[in-house]
């Protein structure tokens, strides 16, 4: 076959990307109608788990589109927030189930399908400023914290789990995506610490964690004057804690 048959004019290639992006958006919105606060493992929830698996695949295809064509999926409908709330409810249910004893193989397969599909969906969602801007940031951070703490408290849990897009892996991607989008987050959503620091540092454990975070990372990260200005309320809290412990 001659080379000319392989050549796709630039405008046609651009149009094809636009068409694919539009198709993916339509597919995603079509599947999102199944998203609701169903009880975990109810018939409706199991049907939703199947849709989440497809949504995850759609977001993975969307992620591979050229960057300038891939923003439309997350610009509306608060899709990422709806996914996050469902994932938090699932995680709470899963922990309660594990505490009661061994989970049936068939049941675990259904749970994993939901967890993996939702993990893939949100892993790709947080790469977009639109998704981060329309989600519940405290809920996201609390969820990441809960997952990591549970691994520390139950060291026997993770070795027996399938790792492909499981929560314990995807939360690292969640944290990475969130950090990459910090500059795009409205400042009014990140200044709450200044007025309500007692809400965030409300126990001796939280105080110790904050001081350790400062020693291990924050001190070096705030050598720049502009960065120190932006984090002044947090640095003041660290200074006050240090003074109170002397």
Self-check item: Extreme residue, modelled with the lowest pLDDT, among residues of the range 220-235 that are surrounded by 10 or more Cβ atoms within 10 Å (Cβ to Cβ) and in a loop (DSSP other than H, G, I, E, B)
Solution: 231
Self-check item: Residues satisfying the stated conditions in the range 101-111, i.e. exposed (fewer than 10 other Cβ atoms within 10 Å of the Cβ) and in a helix (DSSP H, G or I)
Solution: 105, 106
Practice problem: Return yes when residue 134 is closer than 27 Å to residue 51 by Cβ and modelled with pLDDT under 85 and no when it is not. | Solution: yes
Exercise. Please go through the range 43-52 and pick out each residue that is in contact with a helix residue (DSSP H, G or I) (Cβ under 7 Å, 6 or more places away or on another chain) and surrounded by fewer than 17 Cβ atoms within 10 Å (Cβ to Cβ).
Key: 46
Quiz item: Assuming residue 98 fulfils every condition listed in (1) closer than 20 Å to residue 53 by Cβ; (2) at pLDDT below 95; (3) assigned to a helix (DSSP H, G or I) apart from one, which condition is it?
Solution: (1)
Practice problem: Could you please let me know if residue 128 is touching a helix residue (DSSP H, G or I) at 6+ places or on another chain (Cβ under 9 Å) and within 12 Å of residue 178 (Cβ to Cβ)? | Solution: yes
Exercise. Report, by residue number, each residue of the range 170-219 that is part of a helix (DSSP H, G or I), at pLDDT below 80 and over 21 Å from residue 240 (Cα atoms).
Key: 182, 183, 184, 187, 188, 189
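The values are calculated or read from the model by the stated rules, or taken from the named source; none is laboratory data. For clarity, every value in this text was computed on a predicted model and none was experimentally measured. Counting neighbours? That spans all protein chains shown, and the Cβs are built from the backbone with ideal geometry, glycine included.
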